[in-house]
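Structure first, then comments.
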Amino acid sequence: MQSKGRVLIAAGLLLVTSFLLAQGPNRNLGNNIPIQPSSPSDKAGPPKAPDIALDVNLVNLDVVVLDKNGNPIGGMEKKHFRIFDDNIEQKITNFSTVDEPLTVVVLVEYSQTFAYYYDNIGASAAGFIDSLRENDWAALVAYDVHPMLVTDFTKNHNLLYEGLKSLRYPSSRETGLFDAVYDTIQKLDKVDGKKAIFLLSTGLDSISRHTFGETLKRAQTSDTMLYAVSMGQMARLYYQNSINQETNIELLSADNQLNQLSSATGGTAFYPRFPTEYSDIYITMSHQLRNQYTMAFIPSNQKKDGKFHKLKVEVQDLDVNKDGKLDGLKARTRQGYYAPRS
């Protein structure tokens, strides 16, 4: 049930919103799963259904290394990393720094509460889309009560821009953030390679069937990194003279939810206060996604009990910039995985 404060925010936003565009999205969350081509002859063809060959003993991780200023660090070697499974060190069997094409879903909240920010959202999403390379796949999904496909997976940036333009004025106050994130992660878990979700959201949820706990659990074990951009800070600035304590607590909780979902996947949550901050955000995202390390291990604990295993990756701290001081390097990856159940 929405709080009175949130209803007041929605009402205020409606008074200042005149965002009316063309045809709205359908409600079928796409079926075109992009599969990266294995040879040049495949590049011109349409996406194909994957041939799944899964080694249940191998745990794969995408890892980002950041310095103390949040800058992504490349050039690290296998010897610089240690992987721990429930605090027990594991042997790294696979290690790669190949710059592979990305598969990205731009996931946008599409409710009346969010309507006022759609001019800024469009610019932010378009800027991120523009940062994608020609071999990257991207899809655009909007959500209110349900996730709605706007543009299915494509390499064509113009189709994604047209998808942004096709969003008409939102008709619902309800937001199903948890369902949208859960469903998108579930779709992307079927895709190999480097994957990410670019989430533009208030972080509020009023109607999802999945709980926050269920969605967080799904995120913790996914190899898809989630990068969230919260609009809560902008709402606080816009209504700073009239916002009540109840609404402020609700927005703080929403920010925390975005932070936990992002951190669970090894991603990051951003809290911009002004539209001018958007460009730095998607540049940061792009740099982090392009400087990932892919590694894998075979767990020493082979019990098929279905239990959750907590993962930790440590990276050796180095003086990367050669200024005579260690750079405070930290590794980020997903929080864990579930063992298979016999």
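Across all C-alpha atoms in segment 189-338, the radius of gyration and Dmax reach 18.2, 57 Å. Can you tell me the FRET efficiency between Gln302 and Val98 if r is taken as the Cβ-Cβ distance and R0 is 30 Å, rounded to the nearest 0.05? Result of the calculation: an efficiency of 0.55.
Between Lys79 and Gln240, the simple spin-label model (points 7 angstrom out along Cα→Cβ) gives 5.2 nm. In terms of the mean number of neighbouring beta-carbon atoms within 10 Å, the peptides 319-325, 124-130 order highest first as 124-130, 319-325. Between Lys91 and Gln233, full extension at 0.36 nm per residue minus the direct alpha carbon distance yields a gain of 46.8 nm. Projecting label points 7 angstrom from Cα along Cα→Cβ for Tyr169 and Asp189 puts them 4.0 nm apart. Using C-alpha pairs under 8 Å with a sequence gap of at least 6, the mean separation divided by the residue count of segment 100-289 gives a relative contact order of 23 percent.
Label positions at Lys312 and Leu326, each projected 7 Å from the Cα along the C-beta direction, are separated by 1.5 nm. Measuring r between the beta carbons of Arg341 and Leu252 and using R0 = 45 Å, the FRET efficiency lands at 0.75.
Bear in mind that the values in this text are calculations on the coordinates, not laboratory data. If you're wondering where the values come from, they're calculated on a predicted model, not measured in any experiment. Note that we place each Cβ from the backbone using ideal geometry, even for glycine, and neighbour counts take in every protein chain shown.
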